[in-house]
1. Using just the alpha carbons, could you tell me how many Å³ per residue the convex hull of segment B:1-125 encloses?
2. Other chains near B:81-93: what is the mean number of their Cβ atoms within 10 Å of each residue's Cβ?
3. State to the nearest 20 debye the size of the charge dipole of chain B about its Cα centre, where the only charges are +1 on K and R beta carbons and -1 on D and E beta carbons.
4. What's the ranking of A:114-120, A:194-200 by average number of surrounding C-beta atoms within 10 Å, highest first?
5. Mind computing the radius of gyration and Dmax over the alpha-carbon atoms of chain B? Å is fine for both.
6. Pick from A:GLY161, A:GLY34, A:GLY208: which is most flexible by mean-square fluctuation in a GNM of chain A where alpha carbon atoms under 10 Å apart are linked?
7. Taking every residue in A:159-169, how many Cβ atoms of other protein chains lie within 10 Å of its Cβ, on average?
8. Reachable lysines from B:LYS44, Cα under 22 Å, same-chain residues fewer than 8 places away excluded?
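None of the figures in this text is laboratory data; all of them are computed from the coordinates on show. Computed from a predicted structure; not experimentally measured. Positions of Cβ are generated from backbone atoms using ideal geometry, with glycine treated the same way; all protein chains shown enter the neighbour counts.
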Amino acid sequence: MILERLTSLGISTLASAAPLALAALGGLAAAASGSLSIALEGSMLVGAFTAAAVGHATGSAAAGMAAGAFAGLLLSLLVGGAAVGLKADVFVAGLAANILAPGIVSVASQAAYGTKGVLAAEALRSGQWEIIALLASASLALALFLSRSVFGLRLRVAGEGDEIAAAAGIRSGAYRLAAHLIAGAASGLAGAALAAGIGAYVPGMTSGRGWIALVAVFLGGRRPGGVALACLLFGLLFALSNLVQGFGGQGASSGAELLQAVPYAVTALALVAWKGAERRRKAGG
Amino acid sequence: MELLSASGIRKYYRDTLTLANDGVFLSLIEGETRAVVGENGAGKSTLARVLAGLVHQDSGEVRVRGRRVRPGSVREAEAAGIGFVPQSSLLAEGLTVAENLALGREPRSLGLFVSRRKAYVETAMLVERFGFRLDPDSLVSSLTAAERRHAEIARALARGGEILILDEPTSILSESESAKLFELLSRLSSAGKAILLITHRLSEVLKIADSVTVLRDGRVIAEVPADGADEAELSSLMARGATRPRTSALSLAAAAGMGACAGPPALEIRGLRLAAGARPINLSVSPGEVLAVTALAGNGLGRLEDFASGLRTPDEGEVLVGGASLSSIPRDRLRSELMGYAPADRERRGLCLPATARDNLLALRRREFRARDWIGGRRRDEAAREAAAPLSLEAKPRQVAASLSGGNRQRLLLARELDRPRAVLVLAEPLQGLDLATQAEAALLIRELAAKGSAVLLLVSSIEEALGSADRVMALYRGETAFEGANEGSPTAASLLAAMTGAVA
């Protein structure tokens with residue numbers, strides 16, 4: 001009985017952590033290039049919607065997932081283009097994209113399906129293990145690419161500053177834009193996976209996971225391994241809150257609501273703690 | 001055969017309204033080591049940056065082996081064999097030495113990945129061949145200033161540099177480190193590399209250079225062979241005003257001093273351990289007194305700076321300012337009223353580079369300029385101009401600090417810290433990057449402040465600077481006091497050096 005509970009908790013943790021990890025590694029690419037991927041949340045949302053729409057239209061789960069990643073990339077092209085090309089403030093541009101994303105989605109949904117609500121796409125629905133495997137391998141490939149490839153090395157140099165990059169003959173802007181695109185595609189795919197898990201798009205279904213992924217980037221010390229660990233921690237918190245919700249019953253309901261808030265509370269605390277630690281580090285060094 | 005030639009180089013900076021280079025010419029033949037000397041603002045750094053492709057000149061051309069190099073392109077300059085070693089390090093901090101050297105031409109495995117083994121081997125071979133003191137696997141962020149300089153030179157060589165341009169290579173190095181660097185440069189020269197040394201330390205370069213180009217106000221004033229060149233004559237050529245005092249700036253300043261006043265110490269350090277296992281040190285500085293502490297790199301001078309400035313609180317021992325523990329004094333009050341502090345790490349600690357010269361100058365006077373004065377930009381400009389005047393800082397109030405040359409940044413820092421007599425002045429390498437005339441001005445200013453009652457703690461790696469301007473001298477060796485005494489002719493440069501190197505304990 002207990003063993004069963006633990007196993008299901010473990011699986012549930014993995015299922016929650018996998019999309020976070022992929023989005024967070026995308027965010028890590030941007031952070032490593034010296035930029036900030038505020039738009040992870042927006043990219044996840046358009047990724048989820050596009051995956052459902054394309055999955056529904058084509059009847060192919062694979063096409064839906066690919067379209068989701070591409071939609072995330074397009075949104076990040078806006079942010080990256082504004083921030084790198086037009087030298088806009090990356091924070092403001094990212095926030096704008098996050099506000100824009102649900103707007104685009106509901107307009108598109110209204111125009112195409114006559115509803116702003118749930119969009120079912122049975123064809124997109126995939127098995128839990130399939131999704132975890134896809135996300136985990138994409139995460140691993142991305143982590144390897146960032147830490148070991150020639151491209152990843154140069155990306156990190158771009159993150160050290162324009163002058164340092166220029167001295168090494170590296171055009172930092174191009175790498176920063178590429179990093180934004182990577183972040184967009186990764187979080188778009190992560191969003192698509194959310195939709196594939198339930199075979200539908202539900203408005204607001206990302207519910208802040210993009211922000212949590214962004215926090216995981218910093219909580220994980222901007223290293224792929226640390227980021228993955230942070231995502232597992234958040235995954236565990238999500239799984240625990242789902243578990244308690246599952247118990248049902250009158251008495252448990254207020255507890256479950258509290259537990260649901262835990263991942264978000266931890267996110268807020270982590271941000272504060274990280275900021276404080278950074279300030280101390282700067283003052284000391 | 002002529003390797004490098006530059007002709008008619010002209011560069012005007014619109015934002016600072018300065019004509020940095022005005023028809024500069026230069027030539028370098030194979031195996032030659034040429035020094036380019038001049039005061040701060042003479043246009044040396046601009047010339048170096050033009051040659052390296054970091055700055056796009058308005059007119060004039062650079063040729064390597066007769067072929068024109070496209071202006072403003074680092075890649076083209078590198079492809080032509082020009083390697084640039086900048087004044088402040090441009091290595092990527094988060095990468096290893098080997099990775100930094102490989103950047104741009106990374107050895108690959110599987111077409112996509114960086115082959116760390118090949119990168120290591122390539123760097124190790126280079127290190128071996130020229131006798132660098134570097135571990136290819138160490139992270140740049142863990143390197144000392146001297147190691148960084150070596151890594152920068154190694155990088156220039158790794159990128160196929162046949163012509164090395166070094167901008168103020170010894171500016172942050174101690175004497176022994178400088179000597180090692182020059183040994184390395186002579187090895188490179190005998191291996192056939194052509195070297196261009198940009199510096200204002202004339203005496204240093206005359207030993208290793210073959211020829212000297214003197215710049216003044218963006219123009220070439222003289223070109224002479226180094227052999228038999230007269231140092232005094234060259235430095236008078238460098239000087240903008242012919243009548244400025246220039247016989248040993250520091251001894252002049254010392255002559256103006258009055259010697260130590262008696263009185264309780266304004267700054268006192270008791271039982272402070274600078275290195276694990278080292279005997280703790282004690283020191284005190286009275287109002288009106290200048291104590292110079294000197295040490296070779298890595299012997300505790302940096303640690304002492306951290307503790308004396310209060311940026312680090314000692315676990316063992318104490319630091320007292322006016323009898324009160326330094327850590328108990330609110331930072332804000334300490335810096336605005338009690339302590340002037342010029343850090344050795346000017347860029348990271350001393351200045352806020354993205355801020356304007358004005359805001360840097362007035363950073364310690366926030367109370368005078370409250371929020372309601374936000375309209376009073378002009379009042380601040382005026383105050384900044386006043387503060388800048390004593391050190392003849394050439395900066396507009398609203399110019400960002402990052403756009404200033406190294407020498408002007410140092411003036412900016414000193415102008416802020418030396419604007420009034422504070423109880424304690426902690427000055428680490430205060431003369432770094434300054435030309436001779438400004439060194440004299442700054443040394444005089446420090447003396448004046450001491451005469452008005454400041455207790456001055458000078459932390460300098462140059463023996464000459466320590467002996468030239470202090471009432472008392474102290475030398476550290478491995479974090480322990482190796483010498484301490486009045487500066488009355490008894491500690492000579494030689495005896496002090498002996499103490500600093502542990503020859504006499």
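1. 154 Å³
2. Partner Cβ neighbours, averaged per residue: 3.
3. That gives chain B a dipole magnitude of about 1660 debye.
4. The peptides rank, most packed first, as A:194-200, A:114-120.
5. Calculated on Cα positions, Rg and Dmax stand at 23.5, 73 Å.
6. A:GLY161
7. Taking the mean over all residues of the peptide, I get 6.
8. Leaving aside lysines fewer than 8 places away in the same chain, those within reach of B:LYS44 are B:LYS11, B:LYS193, B:LYS207, B:LYS396.
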